[in-house]
Structure formats: structure tokens, C-alpha cells
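Notes follow once the structure below has been shown.
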Amino acid sequence: MRAKWVGIGGLAALTVAAAGLAPALAAPREQVTVAAANDDPAFVQVYNDNVENLPTVDLACPGDWQDLVYYLKRAPLKPDIFTIQQISNRSQLDFYLARLSNDLGEDYAGVIAEASPAAMNSPCGPPKDYQTNAVIYRKARFTDRGLDARTWQAQSDESGSCASNDQARTKAVKVMLHDKIANKDLTVASVHWPTAASGGTACADSNARETATEMTEDGYGGSLLIFGGDVNISDLSGGSFRSWHRLLNGDEGGGLGYRDAGYAGCGGSLACLGDNWTIGGNRRIDFVFARKPAGGLPGVTGFHTITFNEGDAADRAETGTDRADRDYSDHRAVMARVHY
């Protein structure tokens, strides 16, 4: 059996079809396990991924998005917060929230940058024409403070200077949440900066500064600031950190004072960072950053990059089969425990 995309107003809805598959990888079914809820007031469990519009096996740009859901179900801790990029629209986000809630055994909610984004005519075809960003949170732990001014547009240089990009996919979204377990507030954002082809590389420094400003602007802030995202530019070039990363990286004296969960988890080791690539070629373009509003660096533990093999293994354990030639996304997800 396979899942097949059917376009309905930009939403990739799932149906089931039976023919034409390569042989699936069969494996003995393990006992189904469900990740534990994190009720420790000292930290929040954070995940980030560009979910690529939830790709299935038969698309022009194929994938097996359910692998990551199965991994989340079997991880030590289910997500408290999950920042995602490249979800199609509010309808697809609601579909994904329902799936997470069903598989993880408790309710998830989410805020989205654009409920119905404009089409971008993706080279991957209609299933990726509609792209926006969202923050997902666990309702048993968090409530939405309901602040306004939730979105901002990332910058690109298409005419000689950095200005707001006009793509729906580059609109960031933030939310202030109240942590009912820790009795603290925190601000969480999901960002997706423009690609090099759209002029994003030249404006990475500007986007880093703008993101840091947005995290405490318009009444946002709290005891912890966290943003995750696909920044479409690597942290390293020729063995040296790029200027945008140096600006953010408080562990290296960066003035914006954020902790890069991957950098902290690797102790700054370039070899370790290369092993934790997110887009291939030893390149990291997907990150979790965190800081305290007064400028302190929060503790970060449990950093991990979720490999495609781990996603395949989780699928086999849950269902007995997997398409090992299909990854859950073009981007590997990252996870970390961020401490207050």
C-alpha cells in the first residue's frame, strides 16, 4: 500500500492506492511504544524540520513523510515544541496536527504564518506550490498568550540592497506561550530565509539581526526565546563560520547572544557539525537557536540530528514495512532539550 497525493485547493490530501510499488522492506513488528510526555519544568523538548509539504513516494520530488512521525512517536520524549517550515496551508497543518495528536496520544495545536499562501509555481509541481511556516506546541503543557503581530517577512537582495522578500515561504511566525508546568512564558518562532537564487545569501546577516529583534518586539519575550528554521545558508564556508552565524553564536561571543543547539551539542567540533548535516554535503542549514532575554545562554542538552535511517527504522517498527529509497524530507530534523 502507498499514500498518494491528491491536490484539493493546495492541500495534499492522503488516499491509499495499491499498485506499482517496489518491494517494501519487511521487518518483524516490534511492540508499539509511545514517547513520554515531558513534565520536567526545567526544560522544553524542541524539534525543528522543513517538512517539504509532507512528500509521499510517488511525487516528482518524492519522500516518505510518515517516517518522521513514527520517529517522534518512538523518541524518548514527544515534542513540547516543533517548529516546521514548508507546510502547504492551514488545512495541511490541521491534518498534520491531527496525525501527531493521534500517534502521540495527546493534543497538539499550531500557529501558521499564512493560512492560504500564494502559489510559487514550484519546480516540484502542485504539491509544493503552496509553502508557509508554523509553530506546533503541546496543549497539555502550553497555552497561547494570543499576542498580535505574529509574522514578519525575511529579507533578500534582488535590487542591490536588503528588503522584505515577497515569497509566502519566507514569512516567519512567532508565538508567546505560557508554560503551565514551569509557570513561565516563552517566545517561539519558525523562520525560513530566502534561497541564494532569491537573493537571500547577501541578507543573511540582516535576517539574523531582524529575527533577534522580532523575538522581543511587540510585547514578545518571556523567560526563554527559541527559534528554529531553514535559513538556506550553511553555518560554515571553507572551514570558517559565516558572518551570520558569528553574529548569532553567543558561545563564540556573537553579539546577538543565541546558543546554536548543534554547536553546543558538538562542543564546536567542525567534524561533529559536519556529521550533523541537515541538507547533504556536510551542510547544516536547519537550526534550533535559543537565548534568555537578558542575554544569558540557556543550557542545551540532548542535541540530535534525526537520520533518514532512523526514520526508516521507526516506520518498519511501527508498520512492518518501509520504502527505504524514500526519505522523510530533503532536510534532516534536529532536536534538543532547551533549559530555562
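The values are calculated or read from the model by the stated rules, or taken from the named source; none is laboratory data. The structure presented is a predicted model; accordingly, all values stated were derived computationally and were not measured. Glycine gets a Cβ as well: all are built from the backbone with ideal geometry, and neighbour counts include every protein chain shown. We work out accessible area using only protein heavy atoms, side chains counted, and drop any ligands, DNA or RNA first. Shrake-Rupley method; radii C 1.70, N 1.55, O 1.52, S 1.80 Å.
Quick notes on this structure:
- Part-to-part distance (alpha-carbon centres) for the range 197-254 and the range 261-340, which is given in Å: 17
- The length gained on full extension between CYS61 and ARG99, counted as 0.36 nm times the residue separation minus their Cα-Cα distance, comes to 11.5 nm.
- Scaling the Cα radius of gyration of the range 25-148 by the globular reference 2.2 N^0.38 Å produces a ratio of 1.13.
- Diffusion coefficient, µm² s⁻¹, Stokes-Einstein with Kirkwood Rh over alpha-carbon pairs of the range 206-340 at 10 °C and 1.306 mPa s: 100
- Figure note: HIS331, HIS304 ranked by solvent-accessible area, largest first, 1.4 Å probe, ligands and nucleic acids not counted: HIS304, HIS331.
- Full extension of the chain segment joining THR307 with ASN121 gains 64.0 nm, where the gain is 0.36 nm per residue of separation less the Cα-Cα distance.
- Cα-derived Rg over Rh, computed across the chain with Rh taken as Kirkwood radius: 0.94
- Carbon plus sulfur fraction of accessible area for the chain, probe 1.4 Å, in percent: 48
- The chain - charge dipole about Cα centre, Lys and Arg +1 at Cβ, Asp and Glu -1, debye rounded to 20: 380
- Using the alpha-carbon positions of the range 171-226, Rg (one decimal) and Dmax (whole number) come out as 13.5, 44 Å.
- Per-selection metrics, the range 90-184 (Cα): Rg and Dmax in Å: 16.0, 50
- For the residue pairs LYS174/LYS292; LYS171/LYS292; LYS139/LYS184; LYS139/LYS180; LYS78/LYS180; LYS73/LYS171, the C-alpha atoms sit more than 19 angstrom apart in LYS171/LYS292; LYS73/LYS171.
- Unpaired Cys in the chain, meaning no second Cys C-beta under 4.7 Å: none found.
- Each of ILE226, ALA196, ALA163 was placed along the dipole of the range 141-254 (beta-carbon charges, centred on the mean Cα), and the one lying farthest toward the positive end is ILE226.
- Computed over the chain: relative contact order in percent, which uses C-alpha pairs under 8 Å that are six or more apart: 20
- Rg then Dmax, both in Å and based on the Cα atoms of the range 205-282: 13.1, 40.
- Of every Cα-Cα pair in the range 122-255, the percent that sits beyond 28 Å: 23
- Sorted into 10 angstrom bins from 0, the C-alpha pair distances of the range 274-340 split as 19, 38, 28, 12, 3 percent.
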